[in-house]
Amino acid sequence: MKRIFALVLVAVVGILLFSGIYSMEGFPRYGEAEVSERVSMSYIDKNVTRENQEVVFGVSENLETGSANIVTSIIVNYRSFDTLGEVTVLFVSALGVSLLFGSFEGRLRSRYKPNFILRTGSKVVFPLILVMGAYIFIHGHLSPGGGFPGGSMIASAILLMYLADEDFRVRIDDFKKTEGIAGAMYVLLGLVGLMISNYFLSNFLDTGTVGTLFSAGIIPVVYVLVGLKVGSELTGIITDFLKGEVE
Amino acid sequence: MIQYAGIMLILIGIYGLLTQSNIIKIIVSLNIFELGLNVFIISVGFVREGIAPILTSVNNHNGLVFVDPLPQALVLTAIVIGLGTTALGLAFARSIYRQHGTLNLDEIGGPSNG
Amino acid sequence: MVNPVLLIALPLLLAFVSIVFKAYKNNLLVFGTLLNAGLVLTLNKGQYIIGGFQPPFGINLVLDDFALTGILIINGLFLVITLMSLEKLEGFASVLLVALAGLNGLVLTGDLFNLFVFLEITAITAYILSSASKEYRYAFNYLVLGTLGSGLYLFGLIVLYAVFGTLNMADLSVKMAAVDASQLVLPSLLIFIGLAVEVKILPFNGWVKGVYSGTNSLVGPLFASVYAAGMLFVFGRIFAQVIPLGTYLRTSLVVLGALTLLAGEVAALSKTRIREILLYSSIGQSGLIAALFLSGLVFVAVMQLVNNALSKAILFTVAGQMADSTGTDEGEELQGAFLEHKIAGVGFTIAALSLIGLPLFYGFISKMNLLFGIFYSDNYWLPVVILLGTVIEGTYMVRLLVKLWTPGDEGIVSEKAFATERPLTIQSSKVMGIVVLSVVLLIGGLLPAVIQDNLTDSGSLLDEVTPAYLFDLKGGQ
């Protein structure tokens, strides 16, 4: 009975959604989005505060945001406030998880012991994953990726160690400190921007030449902070979830 | 079409939320819902024959046809937020299991989901 | 010149710092709330851009009269409630700092997607705080409904982005006003449902009962006054100023608000536990305020919102404290409780009477404005519903007050309140907070001009101005 009712309700919602969305005047058909009529066009042309001019990879200098990756320029420059909020969401949910598991001690153990291949192999892969994670968040303004994927990769390396070694523990307090300091630095960076150019989170550094590693002003700085913060936050969540109960 | 698939996933997620009483399945339904939403958001910015919005040494100037970069930035935020709520939901699930010895909401006798 | 972004950035900074210096996190919380309450008084109205990119390309904060009233209420009440219940903080100091930042961002932001981010921050802190009662299934239920709600909000806003190509509220409101309202039914409805979960409108308020009925003297007043006020301000911002609703849709949503009012008040009538009575009254008030916002009566809605927030802060503090110290909030078992605690009792009475809207108190001014406002807007059934709701509310509130002020039959049933085992105690910090809030309600009632002047022009917002009817009682004095 419950299922039939749910099915009918979902069908009604579905019909409303489909007919509602596709009967709207101006809703673009799939693949026919008019980017030129959206705010995104200015993100691509980097002309929010400047005259319209051609942006050429490896040539253009001192643009309003020097990031070759346009998505990154939105995340860390144009809509940086969202990213600060996003970091906060992750921060507060990690905080909630650690509050809920605060009374737990020890570590959960898997029913199966990790075998030799897993134990040895993971030690070989561990530093490689860490380096890859760091590479991804340092190159966030040039290639796909950035602080969030990079940080997740670092946490995944720690998770691998947890799975491969039953006695592996991280010093959770150090990670919490990293997390707090990286977050505080992000806000302070914003406040420095507020002092220098009167806008919170403004890109107050030289933006350099599009496409070089040392370019894009504060973007690499922010992404390193975000990468460290996300990495230590996710590590914290994993560690909290693996805490066992003392009977 | 991808966009229809996104909306279908949203509907499947809502159906799961309405019918399931196992906490883990509810969280999975919630994730399916969010996944569908993310697919929909991305699809809204798609431009046929548009390229990824990254300048490289090959696609090296802004005059090319890019797909809309803004939905991609929004989706990143939405994914991270979804991750946060999922982590918290799972932590609640474990606390509930510790308290009641079951993951089934019907057996606990709390208010039903949905 | 103080930039209002500090109201968001400083609590966040303190929250991050509090993780590093765990031992001082309660001090950091007190410092942060005091700092914010002080900063609010120094703000200048205007638009503040973040990152240096002009809207609609960048994100902006809009500090108009509406937002100023909102952050005044939020930061002020947050300070009073935190100071009243410092002993209940447990591990929640850092979470509360994030909540303060989130609530300020919610009211200040001028961007729809940024609003979604702050909505999630605030909601997640609420999920964590609602687990303070150790009733995790209710917290989980809230989490599921809240996440679904904000997901639908995001859905609605993406549809708007696909059509209009912008996320800025002021830009959107101009572009949407140029389109036939019937085109916008779907996104408006999705955004409405998304916010209705948090604003507690029927039938999306299934989480309220479980979460509110177990709250302590810290979480209860925070939820019922600060969070409720923040969410209602957002609701008002979006539905009175950004999204233009068609006549048909507007009427049906107003009816939904009115139904929520009636259903809440009727449900409260049959309850005996104090916190349950108050939580259904909260649902009723939310329905009323939402209906007023939807009718375009921004000014009176804000007045009623302020009245509700101030009253509920007192009511939930006292009710939470009763439950914390005696282990029950059953009206029968607490008969005559106020005879021992006269100051808290008087505060509770003032708050209850102000909520009903009796003369002498701020609630009277707001209810008068409200009824006249609706009459002048040519709506004749809504005042009838509101009056009916007020009568029901008066019935159960007065019944509750009589119970709490008079000893039970032969003093037998009132044992619990005076029992030596778990007597009702109310700390002096709470008594002081209650006195402060009651005085504000009295000043609002006797000298409405003081509060009125701070609220005036709550209707002139963003770029598009929604005309709000203004009934000035100053002339009648």
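Readers should treat all values here as calculations from the given coordinates under stated rules, not as data from a laboratory. Keep in mind that what you see is a predicted model, and the values were worked out from it rather than measured. All Cβ positions, even for glycine, are placed from backbone atoms using ideal geometry, and neighbour counts span all protein chains on display.
Please state the charge dipole magnitude for chain C, taken about the Cα centre, from unit charges on C-beta atoms (+1 on K and R, -1 on D and E), reported in debye and rounded to the nearest 20.
Approximately 380 debye in magnitude.
Which Cα, out of A:Phe27, C:Ala301, C:Leu334, lies furthest along the positive dipole direction of the protein assembly as shown (beta carbon charges, K/R +1, D/E -1)?
C:Leu334
Rounded, prolate or oblate: which one fits chain A, using the alpha carbon gyration tensor with axes a ≥ b ≥ c (rounded when a/c is under 1.5, else prolate when a/b beats b/c, else oblate)?
Oblate shape, in that a/c is at least 1.5 and b/c is the bigger or equal ratio.
List, in the order given, every pair from A:Lys2/C:Lys403; A:Lys2/C:Lys200; A:Lys243/C:Lys88; A:Lys176/C:Lys88; A:Lys229/C:Lys88; B:Lys25/C:Lys271 whose Cα-Cα distance in the structure shown is over 32 Å.
Those over the limit are A:Lys2/C:Lys403; B:Lys25/C:Lys271.
Longest span of chain A, sites excluded, free of trypsin sites (Lys or Arg not before Pro) in DSSP loop with at most 14 other C-beta atoms within 10 Å? Walk me through the numbers before you get to the answer.
Values: sites that count: A:Arg29, A:Arg50, A:Arg109, A:Arg111, A:Arg169, A:Arg171.
The longest such stretch corresponds to A:172-247.
Roughly what would the spin-label model give for A:Val12 and B:Ala52, points 7 Å off Cα along C-beta, in nm?
4.4
Can you tell me the order of C:262-273, B:82-93, A:183-194 when each peptide is scored by its average per-residue count of other Cβ atoms within 10 angstrom, highest first?
B:82-93, A:183-194, C:262-273
Helix by helix through chain A, keep the DSSP H runs that span 27 Å or more along the axis on Cα and average at least 0.0 on Kyte-Doolittle, and give those back in order. All intermediate terms of the calculation are to be shown ahead of the outcome.
Working: long enough: A:2-22 (30 Å, 2.07); A:80-100 (30 Å, 1.50); A:116-138 (34 Å, 1.76); A:172-197 (38 Å, 0.95); A:219-242 (34 Å, 1.47).
Helix filter hits for chain A: A:2-22, A:80-100, A:116-138, A:172-197, A:219-242.
What FRET efficiency comes out for the pair A:Val131/C:Arg399, r = Cβ-Cβ distance, R0 = 60 Å, nearest 0.05?
It comes to 0.30.
Counting other beta carbons within 10 Å of each Cβ, put C:Met432, C:Met84, C:Met368 in order, fewest first.
Fewest-to-most ranking of C:Met432, C:Met84, C:Met368: C:Met432, C:Met368, C:Met84.
Among rounded, prolate and oblate, which fits the range C:215-285 when a ≥ b ≥ c are the square roots of the eigenvalues of its C-alpha gyration tensor, a/c under 1.5 means rounded, and a/b larger than b/c means prolate?
Oblate, since a/c reaches 1.5 and b/c is not below a/b.
Counting other C-beta atoms within 10 Å, and keeping those with at most 14, which DSSP coil trypsin sites (Lys or Arg not before Pro) do you find in the range C:10-112?
Answer in residue order: C:Lys45.
Which ordering of A:His139, C:His341 is given by a fewest-first count of other beta-carbon atoms within 10 Å?
A:His139, C:His341
Considering only C-alpha atoms, what is the centroid distance from the range A:189-236 to the range B:34-65, in Å?
Centre-to-centre (Cα) distance: 24 Å.
Rounded, prolate or oblate: pick one for the range A:1-113, where a ≥ b ≥ c are the square roots of the eigenvalues of its C-alpha gyration tensor, a/c under 1.5 means rounded, and failing that, prolate if a/b is larger than b/c, else oblate.
Oblate, because a/c is 1.5 or more while a/b does not exceed b/c.
Listing A:Asp45, A:Asp173, C:Asp378 from the residue with the fewest other Cβ atoms within 10 Å to the one with the most, what is the order?
C:Asp378, A:Asp173, A:Asp45
How big is the dipole moment of chain A about its Cα centre under a simple scheme where the beta carbon of each Lys and Arg is +1, that of each Asp and Glu is -1, and everything else is neutral? Debye, nearest 20, please. Working shown, then result.
Values: 19 positive and 23 negative charges, 204 e Å.
Rounded to the nearest 20 debye, it is 980 debye.
Note down the magnitude of the dipole of the protein assembly as shown about its Cα centre, charges +1 on Lys and Arg C-beta and -1 on Asp and Glu C-beta and zero elsewhere, to the nearest 20 debye.
On the way: 46 positive and 57 negative charges, 292 e Å.
Computed about the Cα centre, the dipole is about 1400 debye.
If I take R0 = 51 Å and measure r between the Cβ atoms of B:Met1 and C:Tyr24 in this structure, what FRET efficiency does the formula 1/(1 + (r/R0)^6) give, to the nearest 0.05? The partial results should precede the final answer.
On the way: r = 55 Å, r/R0 = 1.09.
Here the calculated transfer efficiency is 0.40.
Over the whole of A:180-187, what's the average partner chain Cβ count within 10 Å per residue? Rounded to a whole number, please.
Other-chain Cβ atoms within 10 Å of each residue's Cβ, averaged: 6.
With unit charges on the beta carbon (Lys/Arg positive, Asp/Glu negative), name the residue among A:Leu194, A:Leu234, A:Gly211 whose Cα is farthest towards the positive pole of the charge dipole of the range A:153-240.
Ranked along the dipole, the leading option is A:Leu194.
Suppose each label sits 7 Å from its Cα in the direction of the beta carbon; what would the C:Tyr380-A:Asp167 distance come out to in nanometres?
8.6
State the answer as a single residue: which of A:Phe175, A:Phe104, C:Ile343 lies farthest towards the positive end of the charge dipole of the protein assembly as shown, with beta carbon charges of +1 for Lys and Arg and -1 for Asp and Glu, about the Cα centre.
The listed residue farthest towards the positive side: A:Phe104.
Nearest 0.05, what FRET efficiency do C:Leu86 and A:Ile196 give at R0 = 41 Å with Cβ-Cβ as r?
Computed FRET efficiency for C:Leu86 and A:Ile196 comes out at 0.60.
Where a Cα-Cα gap under 20 Å defines reach, which aspartates and glutamates qualify for C:Lys430, not counting those fewer than 8 residues away within the same chain?
C:Glu87, C:Glu90, C:Asp324, C:Asp329, C:Glu340
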